[in-house]
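The values are calculated or read from the model by the stated rules, or taken from the named source; none is laboratory data. What you are looking at is a predicted structure, and each value in this text was computed from that prediction instead of being measured. With ideal geometry, Cβ positions are generated from the backbone for all residues, glycine too; neighbour counts draw on all protein chains shown.
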Amino acid sequence: MNFREPTNTVTRELLFKKSRFIAIAMKINNIEEIKTIVSKTKAEHPNANHVVHAAIIGNQGTIYSYSDDKEPKNTAGRPAFEVLKGSNLTNIIVLIIRYFGGTLLGTGGLVKAYGESTKEVLKDIISQEIIDKKVFLIKTGYERFERIKILLDKHNCKIIEETFESTVIIKGELPATNCTSLKEDIIELSNAKDTIEFN
């Protein structure tokens, strides 16, 4: 089963025994972004007692990070991460901002509060499937350029760059599953005059 990644940002607020929990879920692209996002969130909530996070990154969901941010060990970031792990989502961070309400929740209460906050914020996440993509390079003649572009459209290609020299060089990306059929169509259209490379 392919992983999915979020396309929107969601914020939800919950109350547990007078403590306010604000959960935010959003897309991230790499592990380096986490520090910046956590710092920015702390700056936006200077009176919050804790800013806990859990994140999963990578097309296979193999990179992860979580932090209890001074809550007792494994009562905050870990339960949020466990919920996230079961969601089939990747390239996502969940931040949970806690404003202490004066009543101690205890270990079990904290685990429940952070876990529930994560479940709640994930309910409204809109996600898309991560598709394995390949980059291609086509060298074609000016006389075939327009027809090649129609082919690229047919194969769900996204053009990154076009260079016009003695030949036209088109760089783009496409779903990996479409590589073979695109190559066959280009050979047929150009009578094997044009070249295509994938990497």
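Observations, loosely collected:
- Residue under evaluation residue 39, criteria (1) closer than 22 Å to residue 133 by Cα; (2) at pLDDT 90 or above; (3) not aliphatic (A, V, I, L, M), criterion not met: (1)
- Hits in region 6-31 (condition: surrounded by fewer than 19 Cβ atoms within 10 Å (Cβ to Cβ) and in a loop (DSSP other than H, G, I, E, B)): 7, 8, 9, 17, 18, 29, 30, 31
- Residues that are touching a helix residue (DSSP H, G or I) at 6+ places or on another chain (Cβ under 8 Å), at pLDDT 90 or above and surrounded by 17 or more Cβ atoms within 10 Å (Cβ to Cβ) do occur in region 56-63, at least one of them.
- Flag if residue 171 is outside the structural domain of residue 31 (by TED's automatic domain parsing) and more than 30 Å from residue 31 (Cβ to Cβ): no
- Helices (runs of 4 or more DSSP H) (entirely within region 52-161) containing at least 2 residues that are closer than 19 Å to residue 30 by Cβ and in contact (Cβ under 8 Å) with a residue 12 or more places away in the chain: 77-85
- The residues of region 46-55 that are buried (at least 17 other Cβ atoms within 10 Å of the Cβ) and either among the polar types (S, T, N, Q) or more than 26 Å from residue 128 (Cα to Cα) (or both), listed by number, are 48, 50, 51.
- Pick from region 172-182, criterion touching an Asp or Glu at 6+ places or on another chain (Cβ under 9 Å) and surrounded by fewer than 14 Cβ atoms within 10 Å (Cβ to Cβ), ranking: nearest to residue 196 (Cα to Cα): 176
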